[in-house]
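The structure appears below as structure tokens.
The values are calculated or read from the model by the stated rules, or taken from the named source; none is laboratory data. Quick caveat, the model's predicted, so the values are computed rather than measured. Note that each Cβ is placed from the backbone with ideal geometry, even for glycine, and that neighbours are counted across all protein chains shown.
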There are 2 protein chains.
Amino acid sequence: MSNEKETKLGIEAKKEVDFSAWYTQVLLRAEMMDYSDISGCYILRPWSYKIWKEIQAFLGQRFEAAGVEDSYFPLFISQGALQKEKDHVEGFAPEVAWVTRSGSSELPEPIAVRPTSETIMYPAYAKWINSHRDLPLKMNQWCNVVRWEFKHPQPFLRSREFLWQEGHTCFLTKSEADQDVLQALESYRAVYEDLLAVPMIKGMKSEKERFAGALYTTTVEGFIPSVGRGIQGGTSHCLGQNFSKMFKIGVEGKDGETEYVWQNSWGFTTRSIGVMVMTHSDNSGLVLPPRVASIQVVIVPVGITAKTSAEDEEKIQAKCTELANALIAAGIRAKADLRANITPGWKFNHWELKGVPVRFEVGPKELTSNQTRACIRYSGEKRQVSLDNIGQVAKALLDEIHGGMFAKAKTAYDACIKIVEKWEDVTPALDNKCCVLIPWCEDSTCEDQIKDRSAVKATDDAAVDSRAPAMGAKSLCIPFDQPAKCTEKFCVQCGKPAKSYTLFGRSY
Amino acid sequence: MSNEKETKLGIEAKKEVDFSAWYTQVLLRAEMMDYSDISGCYILRPWSYKIWKEIQAFLGQRFEAAGVEDSYFPLFISQGALQKEKDHVEGFAPEVAWVTRSGSSELPEPIAVRPTSETIMYPAYAKWINSHRDLPLKMNQWCNVVRWEFKHPQPFLRSREFLWQEGHTCFLTKSEADQDVLQALESYRAVYEDLLAVPMIKGMKSEKERFAGALYTTTVEGFIPSVGRGIQGGTSHCLGQNFSKMFKIGVEGKDGETEYVWQNSWGFTTRSIGVMVMTHSDNSGLVLPPRVASIQVVIVPVGITAKTSAEDEEKIQAKCTELANALIAAGIRAKADLRANITPGWKFNHWELKGVPVRFEVGPKELTSNQTRACIRYSGEKRQVSLDNIGQVAKALLDEIHGGMFAKAKTAYDACIKIVEKWEDVTPALDNKCCVLIPWCEDSTCEDQIKDRSAVKATDDAAVDSRAPAMGAKSLCIPFDQPAKCTEKFCVQCGKPAKSYTLFGRSY
């Protein structure tokens, strides 16, 4: 073990002081990602890619149950196809990467790298859908997409290439499409809450925030209390008939007229891993929710001193291996860290930095006590655990940890949601790292004005964190679960009757 | 059911007459793939993508057992990194797609779309590998790559974008690297033979045919008897220390000198699906090997006539569903095709075209006989099968079909391998749609001359297929399993002492 490595262990930046530096340090030192020499493109190392594989398995199962089939469409889009739906191309044009050359030859026409695949898939859908029997059509693909943004890139959260799944479905009726939108959204909520232990709020995007070319967009919205910013977790769009009319996707209806299909698209990205890291991790490093951790339980031999007999040392090591095997047999991803010449303390730090949910310690005492000491990463709690039926016990412990992590994160999120009914209270709440649920008329002009007005600090009070961004608040979503009826309420901005309580906040 | 669809069913082109048209028709009509509007880029429809998922699961399990970890590296390579290993860049430069523009802005420097990821991954490896403890390092990624070839594109076999996995491993010693090369190659043989029922020959590539930048390349080579052409199935390369020296990937050795690591890379692509289709399919359409078929057993109700009572019809349908459920419970991908208003004959043709390995028929007789009639796609064989313990019986039948398909393909391949020891016999064998195992001196000059000389037809005899390509023969591989000692043999081209029997053939 090199001393150089010892010195690198741990995180110097503090989550509550310099969030952005802390985030980067956690990701780099826990070996979640690394930089490439192309700005905004990151390497997903095995420690994070495993999480993506777990997300794929989780969503894959739900998609299959819903009759969605996996397929793969090309990376490249012709200029003509990309430009077919006007709002859509306007939304994506500024961020499209163009291939113009192969080898040393200019291509006759530039070719776009997909920022999303509506315009690649829908010409094929037009060929494949001819009769009612071809509906519903439900396809999904797992792939990479490229959006050459010029905003400051951040690993996982905003990268120029990212991984995602995109589902693209077609139905005969709007009501089927409406149901499908919500089914996908529910899967996204489930990934966050049931797999990553990250709380989300489901809702509808405002007109201004909806997907380019969509009829409406639904979303799951998260929140990062440390910086007081909202973050979009995943979106599910009803495209209506905008694309089907442009791409001529329809079936013969009564009277021989074409009935255009109702379409949806919905996507979930590697951004989710970033949200997970920001939510749970701490000043000791990464904290992984147990269901996606590459290693769920690490077993470390302890208490071996110069006085320990070689025989006892061997017994401790054997006990560690035996324990690991018992856990593995129960379906738990467990590892015994038996490396020689590394102190237990260094191992503790190492696996804490990497975010392993539970550490079991096995020392001379454990040889006779039929117990192990369990140390829980997210809470720091330590407790004695009986080795009887340890596979089941460990499983229950991992579920308990999942529940505890979710509850902790949910409490923190809930504490940040302020119901505010007059303008004077909006910016102070934002400055206090909260988001606001405000009665709103749902008018885009008001939305712009709220953004402009909230970009100014409410106060110079030194008690307000001076590093909080002087960023305007956007509408995050109109929550499906409204805090109250809005009938007697008035828009905090314009004073006209409010249509809904809408979540506004500074955001990623 | 539209009549239009009835007329589209089936394949007009004949495998033995117009192979290329036949291949395309099989793929399109079995709904394996479709075209996009970018030449050389194809859509993988669910019927083929499922096969890729089975391949991923099969290889994924083997990789995991070998300690290989999945990761994801960016799609884009900087010009500088791509050019670092001289032979490598020369090999790929003519086929690289370049992004030069984002939105409407020119990029300061063009960025390459990965044709393979050595030059993206190895700068990171140089950072990650510092001590002996960091070795071996074994990583894999599943991704898309782009090679903008100008040869005639063919779905699966030669497409400008394709899907693959690429494994990249680093070792302290050459002997560990040598072992790893062979372990990956064995996995590739296993995918073909044990999953796709396609026979392969393992061997070493000649110097001329090896991967750009590699020390040596091993390969699994297939053969398509219908056209008499060899096809490369997958390659596993030892890169030696070429890249590690260029990218400075090393550890501190004795005397403080850097010991550069020994590296391998190995890749397996969606081409395998094309080889599978060409090998097994016939003039009725696709023939799927059972282990990768989306539907392994289709159940079709038969014998329902105008005289059948409604009650009996219902019983037959119920029996079909019951049978499907029993198969599904046994882990078989089964489907009962109960569509109304479609004749059994149309259903037979439909599922034969789609290549489903087994059809079970259930009619009035089967209601009382406790049997079903099984029709086996690849052989056309029909047999009565008892419904007792049908799950296990069907599993055994699927394994039998796998074995039968492999044996049939192996017999056909073996019949095409001619051991030839004098030049006069080379071109006639090639013209006869065979490949030749010839004593060869392993000199590149001879290899070029063999290619030139074999590009000419040996005879104008009308008996020789006049459509066979007048294409020169390349060396396919030096088989690990040599037909005999080569010590007393002489190169068929130059007459100097031969080093090995080498497989030469016209090829894809």
Which number in (1) among the hydroxyl-bearing types (Ser, Thr, Tyr); (2) touching an Asp or Glu at 6+ places or on another chain (Cβ under 8 Å); (3) in contact (Cβ under 8 Å) with a residue 12 or more places away in the chain marks the one condition that A:Ser102 misses? (3)
Could you list, in sequence order, the residues of the stretch A:333-352 that are surrounded by 17 or more Cβ atoms within 10 Å (Cβ to Cβ) and among the small types (Gly, Ala, Ser)? A:Ala334, A:Ala336
When B:Ser244 is run through (1) touching a Lys or Arg at 6+ places or on another chain (Cβ under 9 Å); (2) part of a helix (DSSP H, G or I); (3) under 25 Å from B:Lys174 (Cα atoms), the failure sits at (1)
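Residue-by-condition table, conditions (1) surrounded by 17 or more Cβ atoms within 10 Å (Cβ to Cβ); (2) closer than 30 Å to A:Val302 by Cβ:
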{"position": "A:Asn370", "(1), (2)": "no, yes"}
{"position": "A:Gly380", "(1), (2)": "no, yes"}
{"position": "A:Ile390", "(1), (2)": "yes, yes"}
{"position": "A:Asp425", "(1), (2)": "no, no"}
{"position": "A:Ile438", "(1), (2)": "yes, no"}
{"position": "A:Gln449", "(1), (2)": "no, no"}
{"position": "A:Ala455", "(1), (2)": "no, no"}
Under 8 Å by Cβ, and 6 or more places apart or on different chains, what pairs join a residue from the stretch A:490-502 that is under 14 Å from A:Glu447 (Cβ atoms) with one that is assigned to a loop (DSSP other than H, G, I, E, B) and of a type in the set (S, T, N, Q)? A:Ser500/A:Gln482; A:Thr502/A:Ser206
Can you name every residue in the stretch A:266-300 that is under 25 Å from A:Thr218 (Cβ atoms), of a type outside the set (Gly, Ala, Ser) and touching an Asp or Glu at 6+ places or on another chain (Cβ under 8 Å)? A:Trp266, A:Arg291, A:Val292
Going through the stretch A:140-161 one residue at a time, which ones are within 30 Å of A:Ile129 (Cα to Cα) and among the hydrophobic types (A, V, I, L, M, F, W, C)? A:Trp142, A:Cys143, A:Val145, A:Val146
Of the conditions (1) charged (D, E, K, R); (2) surrounded by fewer than 20 Cβ atoms within 10 Å (Cβ to Cβ); (3) in contact with a helix residue (DSSP H, G or I) (Cβ under 6 Å, 6 or more places away or on another chain), B:Asp87 fails just one. Which one is it? (3)
Determine which member of the set B:Ser272, B:Ser294 is of a type in the set (Gly, Ala, Ser) and in a loop (DSSP other than H, G, I, E, B). B:Ser294
Identify, please: which residue in the stretch A:134-172 is of a type in the set (Asp, Glu) and within 11 Å of chain B (Cβ to nearest Cβ) and is, among those, nearest to A:Glu54 (Cα to Cα)? A:Glu161
Do we find a residue being part of a strand (DSSP E or B) and at pLDDT 95 or above anywhere in the stretch A:174-195? no
Subset of the stretch B:75-93, residues touching a strand residue (DSSP E or B) at 6+ places or on another chain (Cβ under 7 Å) and not in a loop (DSSP other than H, G, I, E, B), comes to B:Phe76, B:Ile77, B:Ser78, B:Gln79, B:Leu82
Residues of the stretch B:310-332 being buried (at least 16 other Cβ atoms within 10 Å of the Cβ) and under 18 Å from B:Arg291 (Cα atoms), which ones? B:Ala324, B:Leu327, B:Ile332
Are any of the residues in the stretch B:70-86 at pLDDT 95 or above, touching a Gly at 6+ places or on another chain (Cβ under 8 Å) and of a type outside the set (Phe, Trp, Tyr)? yes
Is it the case, given these coordinates, that B:Leu288 is crowded, with 23+ Cβ neighbours inside 10 Å, in contact with a Gly (Cβ under 7 Å, 6 or more places away or on another chain) and closer than 13 Å to B:Ala394 by Cα? no
Among the residues listed as B:Glu447, B:Glu488, the single one being among the acidic types (Asp, Glu), in contact with a strand residue (DSSP E or B) (Cβ under 7 Å, 6 or more places away or on another chain) and either at pLDDT 95 or above or not assigned by TED's automatic domain parsing to the domain that holds B:Ile231 (or both): B:Glu447
Being within 13 Å of chain A (Cβ to nearest Cβ) and either part of a loop (DSSP other than H, G, I, E, B) or at positive phi (or both) narrows it down to one residue among B:Ile51, B:Ile38, B:Ile43, B:Ile11; which is it? B:Ile38
Just checking, does the stretch B:72-87 include any residue being facing another protein chain (nearest Cβ under 10 Å) and closer than 24 Å to B:Val275 by Cα? no
Across the stretch B:14-36, the tally of residues that are more than 16 Å from B:Leu157 (Cβ to Cβ), surrounded by fewer than 17 Cβ atoms within 10 Å (Cβ to Cβ) and free of Cβ contacts under 8 Å to residues at least 60 places away in the same chain stands at 2
Those residues of the stretch A:94-133 which are facing chain B (nearest Cβ under 10 Å), assigned to a helix (DSSP H, G or I), surrounded by fewer than 20 Cβ atoms within 10 Å (Cβ to Cβ) and among the hydrophobic types (A, V, I, L, M, F, W, C), in sequence order: A:Trp128
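Pick out the one residue from B:Ala306, B:Ala336 that is among the small types (Gly, Ala, Ser), touching a residue at least 24 places away in the same chain (Cβ under 8 Å) and outside the structural domain of B:Cys170 (by TED's automatic domain parsing). Walk me through how you get there before you give the answer.
On the way: B:Ala306 fails: touching a residue at least 24 places away in the same chain (Cβ under 8 Å).
None of the other options fit; the residue is B:Ala336.
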Per-region count, the stretch B:14-35, residues closer than 23 Å to A:Tyr122 by Cα and either of a type in the set (D, E, K, R) or in a loop (DSSP other than H, G, I, E, B) (or both): 5
Residue hits (the stretch A:398-430; in contact with a strand residue (DSSP E or B) (Cβ under 8 Å, 6 or more places away or on another chain) and either at pLDDT below 95 or more than 30 Å from A:Ala293 (Cα to Cα) (or both)) are A:Lys418, A:Ile419, A:Val420, A:Glu421, A:Asp425, A:Val426, A:Ala429, A:Leu430
Residue in the stretch B:54-63 that is at pLDDT 95 or above, facing chain A (nearest Cβ under 10 Å) and in a helix (DSSP H, G or I) present: yes
Those residues of the stretch B:352-406 which are touching a residue at least 60 places away in the same chain (Cβ under 8 Å) and part of a loop (DSSP other than H, G, I, E, B), in sequence order: B:Lys354, B:Gly355, B:Val356, B:Pro357, B:Gly363, B:Arg377, B:Tyr378, B:Leu387
